[in-house]
Amino acid sequence: MYCRVAPFQRTFDDYGLVYFIPELQRPFIDIWKLVEIPLRPSIEMAVVLEVFPVCPEGIPDDKVKSLIEKFPDSAALEPYQCRIIDMISSDYITPIHNAASIFFPRNLREKITKNTFEKITPKDYNYEYNNVSKLTGPQQSCYREIQNSPSNKILFYGVTGSGKTEIYRELISNNLSKGKQTLLLIPEIILGSQIGERMREIFGQDVVVLSSDVTEAKKTQYWVDIRSGNAKIIVGTRSALFYPYTDLGMIIMDEEHDQSYISDSAPRYLGREIVSEISKLLDIPVVFASGTPSIESMYRAIKGEYQLVNLLEKYGG
């Protein structure tokens, strides 16, 4: 048997590289598994793209090298992540290894290749709902409208100062009561710090806040904690989309119009479209929230693709 792989650290054409699968490894090799390959002059980690019973036509059998080993399944991609990688590669015309690389923090890849990944154990997470303020009448009405929406895609138009964060609080609390994970996306690190601290005041210090300030080692720990399902409340910038959620119940995209959700370096992608695809693949609701919604989102709401929920009264007055 043979497989086609995409190494993480090297550039190559859109096809990838072909390797022989040793007999003892054949029962364990499948698409989207992580493997170790010899790639002159070093050893690299790669993701399996395809498996063949015989060597593909046009490739000299005697020139094909063997895989070295398969990495643990605990480090493999979630099925929905594989579909997102395909989407990024095809829709944004980028080599598939570029798309795959953003799903694995650098420190995580190092630990996988050094066989120290499995020594990382998930942390226990505990949440408490510490909040005494109640939603206003208009906020309560919006919250119920979002909760009872027949659509999985909601455009939440809340004017500046209307208290959108208070509604996020209630949505997260409801999701937490069901044992589900919630991803609250934020556009900027400063804003993320503000909202992250607010969520920690409400739900405790175990709220995960993902931004460029987080160390590589901490990102790896969060990756394990999110994969285990122990981390339930995640606040983060667009990179938070690529962590392995196993029990995701809702995505809230704050300030959905913000340009920082667009990646303008390889791999390029539109964060809003990635969010929509995850919503479809996992069949979960997504709330696109903004005081100044993007033209695209408002157009989709007008067409009926999104349900429009309005909060036009400022909080406290």
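Values in this text are rule-based calculations from the coordinates and carry no lab data. Just so it is clear, the structure is predicted and the values come from calculations on it, not from any experiment. Cβ: placed from backbone, ideal geometry, glycine included. Neighbour counts: every protein chain shown.
Applying a 10 Å radius around every beta-carbon, put 3-9, 124-130, 55-61 in order of their mean neighbour count, most first.
Those peptides, ordered most packed to least, come out 3-9, 124-130, 55-61.
Exceeding 25 Å between C-alpha atoms, which entries from my cross-link table qualify? They are 180/303; 119/218; 232/314; 63/114; 33/114. It would help to have the intermediate numbers written out before the result.
On the way: 180/303 30 Å; 119/218 14 Å; 232/314 30 Å; 63/114 27 Å; 33/114 17 Å.
Flagged as over cut-off: 180/303; 232/314; 63/114.
Would you mind calculating the gained length between residue 305 and residue 178 on full extension (0.36 nm times residue separation, minus the Cα-Cα distance), in nm to one decimal?
43.0 nm
Quick one, what does Rg over Rh come out to for region 170-317 if you take C-alpha atoms and the Kirkwood Rh? Present the calculation step by step, with values, prior to reporting the outcome.
Details: Rg = 15.2 Å, Rh = 16.0 Å.
Using only Cα positions, Rg/Rh for region 170-317 is 0.95.
Before anything else, pin down the relative contact order of the chain: Cα pairs under 8 Å, at least 6 apart, normalised by residue count, whole percent. Don't jump to the answer; show the numbers that get you there.
Values: 562 pairs, mean separation 64.3, N = 317.
RCO, the chain: 20 percent.
What is the P(r) of region 252-317, as percent of Cα-Cα pairs per 5 Å bin from 0?
The percentages, shortest bin first, are 4, 15, 23, 25, 18, 9, 5, 2, 0, 0.
What number, rounded to the nearest 500 deg cm²/dmol, is the helix-based mean residue ellipticity at 222 nm of the chain, given -39500 (n - 2.57) per DSSP H run of at least four residues and division by all its residues?
Here the helix-only value at 222 nm equals -9500 deg cm²/dmol.
Using alpha-carbon pairs under 8 Å, 6+ residues apart, how would you state the relative contact order of region 31-146 in percent?
22
Determine, for each peptide in 242-253, 295-306, the mean count of other beta carbons within 10 angstrom over its residues, then list the peptides with the highest first.
So the peptides 242-253, 295-306, ranked by packing, come out 242-253, 295-306.
Of 185, 282, 108, which has the largest mean-square fluctuation in a 10 Å C-alpha GNM of the chain?
Evaluated over the chain, the most mobile residue of the options is 282.
Read through the labelled values [x] 90, 57, 35; [y] 82, 49, 33; [z] 76, 42, 31 and report the label of the one computed as Cα extents along the principal axes in Å from the structure.
Read-out taken from this structure: [z].
Take the Cβ-Cβ distance between residue 140 and residue 214 as r, set R0 to 35 Å, and report the resulting FRET efficiency rounded to the nearest 0.05.
Between residue 140 and residue 214 the formula returns 0.50.
Could you state the orientation-averaged shadow area of the convex hull built on the Cα atoms of region 193-249, in nm² to one decimal?
Over all viewing directions, region 193-249 projects a mean Cα-hull area of 3.8 nm².
I'd like the Karplus ³J(HN,Hα) series for region 125-132: coefficients 6.51, -1.76, 1.60, θ = phi - 60°, whole numbers in Hz, and an x wherever there's a Gly or Pro.
With the stated coefficients, region 125-132 comes to 10, 10, 10, 10, 8, 10, 8, 10 Hz.
Give the residues of region 202-240 whose amide nitrogen is closer than 20 Å to a point set 7 Å from the Cα of residue 106 in the direction of its Cβ.
In region 202-240, the label zone of residue 106 (backbone N under 20 Å from the point 7 Å along Cα→Cβ) covers 210-224, 237-240.
From the phi of every residue in region 61-74, what ³J(HN,Hα) in whole Hz does the Karplus formula 6.51 cos²θ - 1.76 cosθ + 1.60 yield, where θ is phi - 60° and glycine or proline is x?
Here the 3J(HN,Hα) series is 4, 6, 9, 7, 8, 9, 4, 8, 6, 9, 7, x, 4, 5 Hz.
For the pair residue 126 and residue 62, how long in nm is the line joining their label points, each one 7 Å along Cα→Cβ?
Those two pseudo-labels are separated by 6.7 nm.
Which of rounded, prolate or oblate describes region 2-103 when judged by the alpha-carbon gyration tensor and an a/c cut-off of 1.5?
Prolate, since a/c reaches 1.5 and a/b exceeds b/c.
Hey, with R₀ at 22 Å, roughly what FRET efficiency would residue 246 and residue 73 work out to, going by the Cβ-Cβ distance, to 0.05? Before the final figure, lay out the partial values.
Details: r = 13 Å, r/R0 = 0.59.
My answer for the efficiency is 0.95.
Between residue 24 and residue 159, 0.36 nm times their residue separation minus their Cα-Cα distance comes to what?
Length gained between residue 24 and residue 159: 42.5 nm.
Could you work out how much longer the chain between residue 198 and residue 314 gets when fully extended? Use 0.36 nm per residue separation minus the Cα distance between them, nm to one decimal.
39.9 nm
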